[in-house]
Amino acid sequence: MANSTVLTDTRSAGKENRSSGKGSDFSELSRRISEAGLLRRRPLYYTVRFTAVGLALAGGVAAFLVVGDAWSQLFVAAALAVVSGQLGLAAHDLAHRQVFSRRRPSETGGLVVANVLLGMSYGWWMNKHTRHHSNPNHENKDPDVAPDIIVWSRRQARQAKGPARFIGKHQAALFFPLLTLEGLNLSFSSFRALRSPSMKRPVLEGTLLVAHFAVYFGGIFTLLSPGKALAFVAVHQGLFGLYLGSVFAPNHKGMPMVEEGTELDFLRRQVLTSRNVDGGALTDVFMGGLNYQIEHHLFPSMPTPALAEAQVITERYCAELGIPYCRSGLVASHRTALRHLREVGAPLREAGQ
């Protein structure tokens, strides 16, 4: 499947298969997944995983206090960037109720991890990510492909204005440098979202965000000299953004975009716009299970350790239906995404000639 494909009219391919009398194509897959027991909670897994991340965070803070006002703090900042990335993945799983089946403990855990430990609004990100899951790679409905800075389709490129028009010309080369700003962008967007009508608890979330940054900047600028403090923040936030971007970008970038008016059933909407990333146990840990993006989109509440087994079932089922199922290595997936960014930015380069 061409990575720059735009899905425009797949009604015949997207019709629900009812000839077997078993309902839609997705309902049959759901039945197989359920019978395999892959939707049940995995409390032991999440206890071990969250404990490990918590200990890593405590160790990073301890190292920060022990090292003191020295340039070697930049190594501590790099290590804490990885921990922050893992905290982001933990907040993601909590938001999808992979950890707890009930709403209240999921929200409480999400507020603690996202707002208190990361400085990112749980409510804002939850709203944004839910819209992404509902319409992945949809030009008008998926906030993750909104042309704010980067353009994701030739249509967006032709309509681009302001920074997106300038950056879009060279966005493939600028993509990874821009990712270093993603951590700061998440925090800035979180504060900006506090004024949004969709924010359910703006006072609570705002208070938690202020508390996070009071401790974060207070501790850094109290212990370190101004120059070292600024360098620490730059390394920590830059590598944190790069980590998160490297986890989320391979999953959809370079996969077909969906135009307004396209009709796709749920199964095809999720499978055709998503990519799985192969790589083994290290990739599973690095990406927090999001390398099984197709299965995650089909079954968002499925616990992380069940995704690998679900992948086998889903890929086999897609083969039965003749639905393209995309898998790629991590480096190859990034290469594909960058090639797509360069391709869709062509109209902007041509306009500038």
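Before moving on, here are some points about what is shown:
- Among the residues of region 135-150, those that are assigned to a loop (DSSP other than H, G, I, E, B) and within 14 Å of Val258 (Cα to Cα) comprise Asn135, Pro136, Asn137, Glu139, Asn140, Lys141, Asp142, Ala146.
- The set of residues in region 126-185 that are β-branched (Val, Ile, Thr) and closer than 25 Å to Glu205 by Cα comprises Thr130, Thr180.
- Residues that are open to solvent by less than 20 Å² (accessible area, probe 1.4 Å) and either hydrophobic (A, V, I, L, M, F, W, C) or closer than 20 Å to Val48 by Cα (or both) within region 305-321 comprise Ala306, Leu307, Ala310, Cys318, listed in sequence order.
- Any chance Val344 is in contact with a Lys or Arg (Cβ under 9 Å, 6 or more places away or on another chain) and within 18 Å of Val151 (Cα to Cα): yes
- Residue among Val277, Val271, Val285, Val331 that alone is within 30 Å of Leu181 (Cβ to Cβ), among the hydrophobic types (A, V, I, L, M, F, W, C) and open to solvent by less than 10 Å² (accessible area, probe 1.4 Å): Val277
- For the condition under 18 Å from Gly110 (Cβ atoms), hydrophobic (A, V, I, L, M, F, W, C) and not in a loop (DSSP other than H, G, I, E, B), Ala164 does not qualify.
- Enumeration of residues in region 71-122 that are open to solvent by 30 Å² or more (accessible area, probe 1.4 Å), of a type in the set (Gly, Ala, Ser) and in a loop (DSSP other than H, G, I, E, B): Ser72, Ser101
Matching residues to (1) among the acidic types (Asp, Glu); (2) surrounded by fewer than 17 Cβ atoms within 10 Å (Cβ to Cβ); (3) in contact with a Ser or Thr (Cβ under 6 Å, 6 or more places away or on another chain):
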| residue | (1), (2), (3) |
| --- | --- |
| Asn137 | no, no, yes |
| Phe166 | no, yes, no |
| Leu186 | no, no, no |
| Arg192 | no, yes, no |
| Met199 | no, no, no |
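- Qualifying positions in region 167-207 - of a type in the set (Ser, Thr, Tyr), touching a helix residue (DSSP H, G or I) at 6+ places or on another chain (Cβ under 7 Å) and assigned to a loop (DSSP other than H, G, I, E, B): Thr180, Ser198
- Picking from residues in region 22-64 that are open to solvent by 40 Å² or more (accessible area, probe 1.4 Å) and among the aromatic types (Phe, Trp, Tyr), the one that is nearest to Val113 (Cα to Cα) is Phe50.
- Cβ-Cβ distances below 6 Å connect the following pairs, each with a first residue in region 256-268 that is open to solvent by less than 30 Å² (accessible area, probe 1.4 Å), a second residue that is assigned to a strand (DSSP E or B) and at pLDDT 90 or above, and a separation of six or more residues or different chains: Val258/His138.
The values are calculated or read from the model by the stated rules, or taken from the named source; none is laboratory data. Everything numeric in this text was worked out from a predicted model, so none of it was measured. Virtual Cβ from ideal backbone geometry, glycine too; neighbours counted across all protein chains shown. With ligands, DNA and RNA removed, areas are computed over all heavy atoms of the protein, side chains included. Shrake-Rupley method; radii C 1.70, N 1.55, O 1.52, S 1.80 Å.
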